Amino acid sequence: MKYSFAGIVASLLVVVLCACHKDKFETTPTIRVKDINSTEVNAPDGILKITLEVTDREGDAGGGDLTYIRVRTNSTPIPDPVNNDKADTAHATVPSYPKTDKVEMVLAIPYSFLDEDPVRNDTMYFKLTLRDSQNHQSDTITTKSIAAVQ
């Protein structure tokens, strides 16, 4: 049986292209901010809601851990830090849900976590990262600036 050179090259090219096919989503979860309900959260009962879109090939973000870090951008220091300073890093366990490669989740943060200055508005942004149930960690993403308004 005689094979043409062009036929062999075409066959190899098809095999290489099929072998290099990448899945739409990666094993490591990815997160992006889909929506923020407001850039101003009002005292005393306002709630900041950050809607995240999570993609993960294994669909195992449920049962994972969402870490969010508040980065305060006020130029004035926190008055009376012993009584007003709060933890800047918080963790939220991601509720379990049926495995799916794409899901939306809403992180709700109350005004009481945002407010550190009892006299002035506080401005900040958040850094967020997600670790899925298999310990794969997403990149860190950043929100736009948020104000906790007195």
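Read the figures in this text as sums done on the coordinates, not as results from a lab. Owing to the predicted nature of the structure, the values given are computational and were not obtained by experimental measurement. Glycine also receives a Cβ, built like all others from the backbone with ideal geometry; neighbour counts cover every protein chain displayed.
Remarks
- Taking a straight line from the alpha carbon of Lys49, these aspartates and glutamates sit under 18 Å away, with near neighbours fewer than eight places off in the same chain left out: Asp35, Glu40, Asp65, Asp88, Glu104, Asp115, Asp122.
- Likely footprinting exposure, Val41, Val149, fewest C-beta neighbours within 10 Å first: Val149, Val41
- Taking 18 Å as the cut-off, the amide N atoms of segment 34-67 that come nearer than this to a point 7 Å along the Cα-to-beta-carbon line of Gln150 belong to 40-46.
- In this label model, Thr140 and Lys34 are separated by 2.5 nm, measuring between points 7 Å along each Cα→Cβ vector.
- For segment 25-149, the relative contact order is 37 percent, taking Cα pairs closer than 8 Å that sit 6 or more residues apart in sequence and dividing their mean separation by the residue count.
- Residues His136, His91, sorted so that the one with the fewest Cβ neighbours within 10 Å comes first: His91, His136
- Loop trypsin sites (Lys or Arg not before Pro), segment 116-150 (other Cβ atoms within 10 Å of the site Cβ: 11 or fewer; DSSP): Lys144
- Qualifying aspartates and glutamates (Cα of each under 15 Å from Cα of Lys99; at least 8 residues distant if same chain): Glu26, Glu53, Asp56, Glu58, Asp60, Asp132
- Across Lys102/Lys127; Lys34/Lys144; Lys34/Lys127; Lys102/Lys144; Lys34/Lys102, pairs whose alpha-carbon gap is larger than 19 Å: Lys102/Lys127; Lys102/Lys144
- Tail beyond 20 Å, pair distance distribution of segment 25-149 (Cα, percent): 44
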